[in-house]
Amino acid sequence: MRSDRHEMPTGTFLAIARGGGGRSAVRRLLAGQLSRNLLALREVVALSQDVGHPHAPLARHAWTLLAELRRDAPGAARAVLGYPSVSVWAVRTLAALRDGEIGAEPALLGAVVAAVALRAGTRARVVMPTAPTGAAVVALPGLGLLRRGPGDGVAKLNGGGAALPGHGTGELNGGGAELTVDGGRGLVALDGVPATPAGDARLSWQPTYRLRARGRGPVFHLDDPWALVDPAGVVPVDAAGAARWRARLAPGWRLLATRHRSSAADLAEVVSVLTPLRRDPAGRPLAALAGGGTPAELTAPLISGTFPAAVGCIALAGTGDARTIAATLVHELAHNKLAALDDLFPLVEPTAGARHPAPWRAGPRPLPALVHGLYAHVAVGGFWLRQRHHETAAGRHLARAEFVRVRAACREVAGLLRVADGLTGHGRLLVEQLDTVVAGWADRPAPGRGRPVRDRTGWRPVATRWGASVSP
């Protein structure tokens, strides 16, 4: 199984470097991510054989099935192979195998194959490892969690829309659990060794809920990018939680869809996962995202972030008004685009260790973070520059104040980066383009009164049913 070879015209790189590029440029970035994941998965299979990992035969079998599914159901395969949790698992598992970690589980490639088969409506049979205690939680990327535990022996899909027969009500052994998939009927059977009393070990299904915008808007899965790496640690979003996130995001999406259509189009193309971040009693997000922030930053009403290994995912905690939500989505979309670009064209030298002050964060930042911050804040500055034209008098004052603040910060950081050591040639070209954008921003009042934003789109939460949308 081969990955594609990628080339990018100079004009496309420059357009992305300036924060734009459009759908064709974004699709080039996503195609690069897909190839990166395929290369990582292939290396996982090969390295597991080279080091004599006990999962090697299972991983090889799953890889063979994946090649067949890519040929017969390319759309379903692309959707799963580009999914953020698959990206994270591939990178983490490859690193664990290279470091000789005992906990590496390359046979979990079977879960990726199962998700593709279910989306494609076809059959597959894979074998995956389970814990020595017999406990089992299997994450099917973009679909949900299949877990063994107390229940009635039947896993309900989509709030009762379909049922998964609970095969193997006994304890699962430590060698593996067989996952039999029939996508045509929406069935998954996780077979173990019947060894415990009836009712002691059952299967339950927790679907991954999605938020779907009407029309050509995005579909966001409410999911965790670490679901494949640590499925037992995932706290799924239920129907009530999905409804709350729908209400929070709807105003921001409507604003993007009606007033910032290029950003809305890129968002719909790039982002597939929103990860709700839980907070501790002090209001701080319970995630690695929180590392390094000040108390004020970590307890802000709205906190967001991205993960370089999980392109296509935005993490959120809290809420805000329509403009705040929209600006936040634009900010994190930019981080996703730059992470994908950086995979194709490294922007910072690996040896660059200097840290520099950043006006948008407390304390000095490493060079990669500063480049990312500049790119994202230029995107936000462009948002406020456009938004000034769609506001009432009071709103224009706020938008202009935000624009002036962001512009000053971007000028400062662009000037610093233009003379800093540690950028690659592509990194310097990116900074030059961003500096040109900031220098060209005109500070003039927005003409006229903004027209009110019309509600042309709407959100509704849906559960995942093997690639179809149904009401929960």
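The values are calculated or read from the model by the stated rules, or taken from the named source; none is laboratory data. Just so you know, these numbers come straight off a predicted model, no measurement behind them. Cβ: placed from backbone, ideal geometry, glycine included. Neighbour counts: every protein chain shown. Each accessible area value is taken on the protein alone, full model and side chains, heavy atoms only, with ligands, DNA and RNA left out. Shrake-Rupley method; radii C 1.70, N 1.55, O 1.52, S 1.80 Å.
So if I check each of Thr64, Thr122, which one is among the β-branched types (Val, Ile, Thr) and touching a strand residue (DSSP E or B) at 6+ places or on another chain (Cβ under 9 Å)?
The match here is Thr122.
Inspect the range 51-69 for any residue being in contact (Cβ under 8 Å) with a residue 60 or more places away in the chain, touching a Pro at 6+ places or on another chain (Cβ under 9 Å) and not in a loop (DSSP other than H, G, I, E, B) and give the result as yes or no.
Within the range 51-69 (the criterion being in contact (Cβ under 8 Å) with a residue 60 or more places away in the chain, touching a Pro at 6+ places or on another chain (Cβ under 9 Å) and not in a loop (DSSP other than H, G, I, E, B)), the answer is yes, since at least one residue qualifies.
Got a sec? Which of Leu347, Leu370 is under 23 Å from the mean Cα position of the chain (by Cα), aliphatic (A, V, I, L, M) and over 23 Å from Ala315 (Cα atoms)?
Unique residue meeting the criteria: Leu347.
Is at least one residue of the range 436-453 open to solvent by 70 Å² or more (accessible area, probe 1.4 Å) and at pLDDT 85 or above?
Taking every residue of the range 436-453 in turn, at least one turns out to be open to solvent by 70 Å² or more (accessible area, probe 1.4 Å) and at pLDDT 85 or above.
Going residue by residue through the range 376-392, is there one that turns out to be at pLDDT below 90 and more than 28 Å from Arg254 (Cβ to Cβ)?
Scanning the range 376-392, I find no residue that is at pLDDT below 90 and more than 28 Å from Arg254 (Cβ to Cβ), so the answer is no.
In the range 240-264, which residues are over 24 Å from Asn336 (Cα atoms) and open to solvent by less than 40 Å² (accessible area, probe 1.4 Å)?
Correct list: Gly241, Ala243.
Identify all residues within the range 232-243 that are modelled with pLDDT under 90 and not in a loop (DSSP other than H, G, I, E, B); write none if there are none.
Ala232, Gly233, listed by residue number.
If a residue must be assigned to a helix (DSSP H, G or I) and touching a residue at least 24 places away in the same chain (Cβ under 8 Å), how many such residues does the range 404-421 contain?
Here the count works out to 12.
Being open to solvent by 30 Å² or more (accessible area, probe 1.4 Å) and in a loop (DSSP other than H, G, I, E, B) is the filter; apply it to the range 308-324 and report the residue that is nearest to Arg244 (Cα to Cα).
Looking at the filtered set, the residue picked out is Thr319.
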